[in-house]
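Notes follow the structure.
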Amino acid sequence: MVEKTIQLTGTSTNSIEDAVNIAVSRAAVTIQSIRQVRVVDINAVIENGAVAQWRVKVDLSFAVQDRLHE
């Protein structure tokens, strides 16, 4: 098996976990066989002295599909 890893950023006004779930669920729309996600970085956007958004950078790994040439 071969896996490919891409880097995505998810953003949420609710929580860090929600930001990760947003990134994974959006990727799952077009990517099959997602195997794991690793949180690489976490940032917060501050507005008026409070956290307004959570931003997470994730490495998302998925299996590369085997395709035979016709």
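The values are calculated or read from the model by the stated rules, or taken from the named source; none is laboratory data. Just so it is clear, the model here is predicted, and its values are computed rather than measured. All Cβ positions, glycine included, derive from the backbone under ideal geometry; neighbour counts span all protein chains shown. Remember, those area values only see protein heavy atoms, side chains included, never the ligands or the DNA or RNA. Shrake-Rupley method; radii C 1.70, N 1.55, O 1.52, S 1.80 Å.
Contact map, region 3-18: residues that are free of Cβ contacts under 8 Å to residues at least 40 places away in the same chain paired with residues that are surrounded by 15 or more Cβ atoms within 10 Å (Cβ to Cβ), Cβ distance under 7 Å, separation 6+ or inter-chain. Pairs shown: Ser15/Trp54; Asp18/Ser12. Among the residues of region 2-17, which ones are out of contact with any helix residue (DSSP H, G or I) (no Cβ under 8 Å at 6 or more places or on another chain), open to solvent by 50 Å² or more (accessible area, probe 1.4 Å) and either in a strand (DSSP E or B) or farther than 22 Å from Asp66 by Cβ (or both)? Matches in region 2-17: Glu3, Lys4, Thr5, Gln7, Thr13, Asn14, Ile16, Glu17. Can you spot a residue in region 27-49 that is within 10 Å of the chain's Cα centre (by Cα), open to solvent by 60 Å² or more (accessible area, probe 1.4 Å) and without any contact (Cβ under 8 Å) to a residue 12 or more places away in the chain? Among the residues of region 27-49, not one is within 10 Å of the chain's Cα centre (by Cα), open to solvent by 60 Å² or more (accessible area, probe 1.4 Å) and without any contact (Cβ under 8 Å) to a residue 12 or more places away in the chain, which makes the answer no.
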